[in-house]
1. Looking at (1) out of contact with any helix residue (DSSP H, G or I) (no Cβ under 6 Å at 6 or more places or on another chain); (2) farther than 21 Å from residue 34 by Cα; (3) in contact (Cβ under 8 Å) with a residue 24 or more places away in the chain, find the lone condition where residue 161 falls short.
2. Confirm whether residue 47 is on the phi > 0 side of the Ramachandran plot, free of Cβ contacts under 8 Å to residues at least 24 places away in the same chain and over 14 Å from the mean Cα position of the chain (by Cα).
3. For region 101-156, give me the residue count where each residue is outside any loop (DSSP other than H, G, I, E, B) and at positive phi.
4. Where residues in region 27-40 are free of Cβ contacts under 8 Å to residues at least 24 places away in the same chain and touching a helix residue (DSSP H, G or I) at 6+ places or on another chain (Cβ under 9 Å), which of them is surrounded by the fewest Cβ atoms within 10 Å (Cβ to Cβ)?
5. Assuming residue 111 fulfils every condition listed in (1) surrounded by fewer than 18 Cβ atoms within 10 Å (Cβ to Cβ); (2) at pLDDT 90 or above apart from one, which condition is it?
6. Look through region 51-76, keep the residues that are surrounded by 14 or more Cβ atoms within 10 Å (Cβ to Cβ) and under 13 Å from the mean Cα position of the chain (by Cα), and return whichever of them is nearest to residue 144 (Cα to Cα).
7. Test residue 53 against the stated conditions and say whether it is modelled with pLDDT under 90 and out of contact with any strand residue (DSSP E or B) (no Cβ under 6 Å at 6 or more places or on another chain).
């Protein structure tokens, strides 16, 4: 007689849930550390212009590296491919995804770029599901557009916060 936990975890859906949980958790925390620690530090140290260039360069390298890893790993560890398949199904989630795609590529790119990363935008908007075949010319345009939008958004948001903190610190005499 096998252990009930082992029996549940041996099911394909349970394994997929575990992969998604681990993948989404790791990606979320990595993105959080990058956005709020690395970006804040770079903007504090180098300012919005020089720091912005450093951030854009680092972001492109990280997102391209993540995309290469995603294609090499050939597993849907962020559930993005499953979401693409869900679009063709009926139900509320399928309708929301279909609605977002039907609004046009530019609106989809802008909305997703502000909410997520260029890697996620590009992967989600690639044609087909579960193909893991790199970037086409269309995907490269989506990636570049998403990188510019996403990075400009974060530079403005975090740069504003850093500027306010610098002003407050100088106002009370902590920094010059």
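The values are calculated or read from the model by the stated rules, or taken from the named source; none is laboratory data. The model shown is predicted, which means the values in this text are computed figures rather than measured ones. When we count neighbours, we look across all protein chains shown, and the Cβ atoms used for this are built from the backbone with ideal geometry, even at glycine.
1. (2) is the only condition that residue 161 fails.
2. Numbers: on the phi > 0 side of the Ramachandran plot: yes; free of Cβ contacts under 8 Å to residues at least 24 places away in the same chain: yes; over 14 Å from the mean Cα position of the chain (by Cα): yes.
When the stated conditions are applied, residue 47 passes them.
3. So the answer is 0.
4. Of region 27-40, the ones free of Cβ contacts under 8 Å to residues at least 24 places away in the same chain are 28-30, 32-33, 37-38.
Right, trim to touching a helix residue (DSSP H, G or I) at 6+ places or on another chain (Cβ under 9 Å) and you get 30, 38.
Details: 30: 13, 38: 15.
Restricting to residues being free of Cβ contacts under 8 Å to residues at least 24 places away in the same chain and touching a helix residue (DSSP H, G or I) at 6+ places or on another chain (Cβ under 9 Å), the top hit is 30.
5. Condition not satisfied by residue 111: (2).
6. Residue satisfying both the conditions and the ranking: 60.
7. Working: modelled with pLDDT under 90: no; out of contact with any strand residue (DSSP E or B) (no Cβ under 6 Å at 6 or more places or on another chain): yes.
Here the answer is no, as residue 53 does not meet what is asked.
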